[in-house]
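Presented below is the structure to which this report refers.
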Amino acid sequence: MRSKTVLILVSAVFLLLSAIAVKGIAGSKTTLDDLSSSKVGDFPKRWRTWPLQRGKAEQVYTVAEEGGQRFIHARDEADLSQQIFLNFNWPLEEKPNLSWRWRATELPAGAAESNDATNDSACGVYVVFGKYSGHAIKYVWSSTLPVGQVVTRHGGKLKIKVMDTGSKKGWSSHTVNVIEDYKALFNAEPDKVPSGIGILTDGNAVHKPAGCDYTGFAISSKE
C-alpha cells in the first residue's frame with residue numbers, strides 16, 4: 001500500500017510540474033522551454049527520452065549558446081537515431097499554433113523520408129496526438145524532398161510534412177496550426193490532445209552524419 005501511495009504522489013507531482021513549468025501559460029503566446037534551467041553543454045533538463053535511452057540521447061542533444069541565444073544542438077554521427085520529448089499540458093483549442101526556429105547544420109547525404117532505406121532528416125519536429133498510440137505529424141527539414149511534400153508512413157498514422165529542404169544557411173522560422181494541419185493531413189478532426197512535442201535528428205538509415213539546431217518552441221492562439 002505504501003509503494004502505491006508513493007507512486008500516486010510522484011505521478012501527481014510530475015503532472016503539477018508539467019503544468020507549471022511552461023512559461024506564460026495565460027498569455028497569448030506560451031514559451032515552452034527557453035532552456036534557462038539547463039546548463040550549456042548538458043542535455044536539456046526538461047526534455048525526456050525513451051526508457052533506458054538517456055545515455056544515447058545525451059550523445060546527440062546538448063544545450064548550446066550563441067550571441068546570447070540558447071538552443072538545442074543536435075548531431076548524430078553514430079547511427080543512434082534518438083528522439084527526445086517535451087511533455088506539457090497543451091490547451092489545443094485555445095492555442096493551436098506551434099512555432100519554432102531551426103537550422104540544418106549537416107544534411108544526411110542521400111536521405112529521403114519517402115523511402116524506408118533512406119528515411120532520415122537533419123531536423124524533425126513531432127506533434128503526437130494521444131501519446132504513443134495516436135496519430136502524429138512530423139515536420140522535417142529534408143535533404144532531398146521538395147517543400148510541401150507529404151509522406152504517409154506507419155499504416156497512415158504518421159504524416160511527414162517537408163518544411164525546408166536542401167542546403168540553406170542560417171535559421172528558418174515556422175508557425176503551424178496543428179489542428180488545421182491534422183484536418184488536412186488525416187481528413188478528420190483530432191480526437192485527442194497532443195501530449196507535447198518531440199524532436200529527432202538522425203542519419204542512421206543512410207549511415208551519414210546529421211545535424212540541426214532547435215530553439216524558440218512556443219504555442220499561441222490563432223493569428
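Each value in this text was obtained by applying a stated rule to the coordinates, not by laboratory testing. Bear in mind the structure is a predicted one, so any value in this text is a computation, not a measurement. No Cβ is skipped: glycine too gets one built from the backbone with ideal geometry, and neighbour counts run over all protein chains shown.
A few remarks follow.
- The ranking of S121, S37, S99 by Cβ neighbour count inside 10 Å, starting from the fewest, reads S37, S99, S121.
- Loop-resident sites, the stretch 88-149, for GluC sites (Glu not before Pro), counting at most 16 other Cβ within 10 Å (DSSP): E93, E94
- Rounded to the nearest 20 debye, dipole of the chain from Cβ charges on Lys, Arg, Asp, Glu: 560
- Three-way shape label, the stretch 88-139, alpha-carbon gyration tensor, a/c 1.5: oblate
- Inter-site label distance for S37 and N89 at 7 Å from Cα along Cβ, in nm: 1.5
- Applying both filters, DSSP loop and at most 15 other Cβ atoms within 10 Å, to the trypsin sites (Lys or Arg not before Pro) of the stretch 182-223 gives K192, K222.
- Residues whose amide H comes within less than 5 Å of that of T201, counting only those at least five positions distant or on another chain, are Q82 (H built at 1.01 Å from N in the peptide plane).
- For K169, a cut-off of 15 angstrom between C-alpha atoms picks up these aspartates and glutamates, skipping any fewer than 8 places away in its own chain: E106, D213.
- The distance linking the stretch 130-173 with the stretch 55-124 is 11 Å (Cα centroid to Cα centroid, whole angstrom).
- A Förster radius of 30 Å, combined with the Cβ-Cβ distance separating A78 from D191, puts the computed FRET efficiency at roughly 0.20.
- The stretch 190-214 residues near the modelled S167 label - backbone nitrogen below 17 Å, point 7 Å along Cα→Cβ: 209-212
- Sequence-distant residues sharing a close amide H with G134 (under 5 Å, placed H): none
- Shape summary of the stretch 85-172, radius of gyration then Dmax from alpha carbon positions: 13.7, 40 Å.
- Greater than 31 Å apart at Cα, pairs in K183/K208; K56/K222; K39/K157; K39/K222; K45/K161: K183/K208; K56/K222; K39/K157; K39/K222
- Span per principal axis, largest first, for the Cα atoms of the stretch 2-220 (Å): 53, 42, 36
- Fewest-first sequence of S38, S28 by Cβ atoms within 10 Å of each Cβ: S28, S38
- Across the stretch 111-128, coupling constants 3J(HN,Hα) worked out from phi with the 6.51/-1.76/1.60 Karplus curve, θ = phi - 60°, read 6, 8, 5, 7, 9, 4, 6, 10, 7, 10, 9, 4, 10, x, 10, 9, 10, 10 Hz, and Gly and Pro carry x.
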